[in-house]
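Have a look at the structure below, then the notes.
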Amino acid sequence: MLVMMKSHATKEEIEAVCRKIESLGYKAHPIPGITRTAIGITGNKGPLEPAAFESLPGVGDCVPVSKPYKLVGRELKEETTVVELGDGVQIGGRELAIIAGPCAVESRDQARSIARSVAAAGARLFRGGAYKPRTSPYSFQGLEEDGLKILAGIREDFGLKIVTEAIDVQSIELVEHYADVIQIGARNMQNFSLLKRAGRSKRPVLLKRGISATLDELLMAAEYILSEGNYNVILCERGIRTFADHTRNTLDLSVIPAVQRLSHLPIIVDPSHGTGRREKVLPLSRAAIAVGADGLIVEVHHRPEEALSDGNQSIQPPELEQLIQQIGQIAPILNRTL
Ligand code: PEP
Ligand code: MN
């Protein structure tokens, strides 16, 4: 059930409703909206009696939730969530978010050289894995904490916000210490203990769609994070596995409007993993922005043929510049900026 507060409800009235919810043994999730605060209730086994809340001062309405997810749905919050990363960098606001960088941090020189061109191209967020979930145990697994330190240096020196993946509940401790956004990868979308741990983090979470996850499964995975109290979640479409073999994955751009109808969470697109091929990254980036995505996460490498992972899908710095220039032309049609 959702408790919708009146538009002029005071902070004290909102707190009193939350206390009442907690006193019954449930968890209260107050989510401020533009016009009023909605309070989601989780932890109840069956339906709740609205009478317990309706009479409290400041309460407008009690509405049952019709969907299996309670906190990620637009029923709770009509307007899209804007994830604030500091220094005016946002995901889900009017400005499109461009996250660019290598698949993996391979060395200090490699990461900094790419970061320099990412910053010069005008992107405000840098990506790079320090923990890599690889198909083969013999492939490069990432520089771990050394990689995170390189990323922290990049934030310092280039002013870029850092997005990097946590692959398990051990690595998330370090990732949240060094990064601005914790990425949870496709293979971990249903790692429920990791999702719950991310839900207790103070850092925003970029949650990638599982390799064969339905829309409901993606939203329920996000619900795990919100249910623990972290409401700053960004969804990411990164392609799903289909019978098609002309592309690594099938980038499901139709999921963008579908997510936006159901959920207030921002959603970005990864055209690199979505296609697996460098030459498809620009066209699918244009399409992703045209379809209404809140941004892109793109793999960039200055020497893709030498990359330790995902070289085939990494674009080079001049192509990133071209991508940003083209996106900039599409953005105004959707009332977005870059
Ligand atoms: C990545 O971003 O490098 C990555 C491993 O992505 P995904 O989890 O989508 O495969
Ligand atoms: Mn990759």
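Every read-out reported here was derived from the displayed coordinates using simple, explicitly stated rules and does not represent laboratory data. The shown structure was predicted, so the numbers you read here are calculated from the model rather than taken from an experiment. For neighbour counting, all protein chains shown are included, and Cβ atoms are generated from backbone atoms with ideal geometry for every residue, glycine included.
Below is a table of values for the structure above.
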read-out: Set of lysines near residue 70 by C-alpha distance (under 17 Å), chain-local residues within fewer than 8 positions excluded; value: 27, 45, 196
read-out: Cα extents of the stretch 205-322 along the three principal axes, largest first (Å); value: 42, 30, 28
read-out: Cα centroid separation - the stretch 250-317 against the stretch 99-116, whole Å; value: 18 Å
read-out: Residue order, fewest to most surrounding Cβ atoms within 10 angstrom, among 126, 158; value: 158, 126
read-out: Candidates per GluC sites (Glu not before Pro) in the stretch 141-211, loop by DSSP, up to 10 other Cβ within 10 Å; value: none
read-out: Relative contact order computed over the chain (Cα-Cα under 8 Å; 6+ residues apart), in percent; value: 15 percent
read-out: Helix 281-291 axis, angle to the chain major axis (alpha carbon atoms, nearest 10°); value: 20 degrees
read-out: Choice from 40, 153, 86 showing the highest fluctuation, given a GNM over the chain with Cα pairs closer than 10 Å; value: 86
read-out: Acute angle (nearest 10 degrees) that the helix 317-330 long axis makes with the longest principal axis of the chain, alpha-carbon atoms; value: 40 degrees
read-out: Structure-based [θ]222 nm, the chain - -39500 (n - 2.57) summed over DSSP H runs of at least 4, per residue, nearest 500; value: -10000 deg cm²/dmol
read-out: Rotationally averaged projected area of the chain (alpha carbon convex hull; nm²); value: 17.2 nm²
read-out: Likely footprinting exposure, 66, 7, fewest C-beta neighbours within 10 Å first; value: 66, 7
read-out: Cβ-based exposure ranking for 84, 223, in which fewest neighbours within 10 Å come first; value: 84, 223
read-out: Using alpha-carbon coordinates, inclination of helix 215-227 to the longest axis of the chain, degrees; value: 70 degrees
read-out: Sequence-distant residues sharing a close amide H with residue 234 (under 5 Å, placed H); value: 205, 206, 207
read-out: Paramagnetic reach from residue 113 (point 7 Å along Cα→Cβ, amide N under 20 Å) across the stretch 299-338; value: 299-322
read-out: P(r) histogram, all alpha-carbon pairs of the stretch 7-59 included - 10 Å bins from 0, percent; value: 24, 59, 16, 0
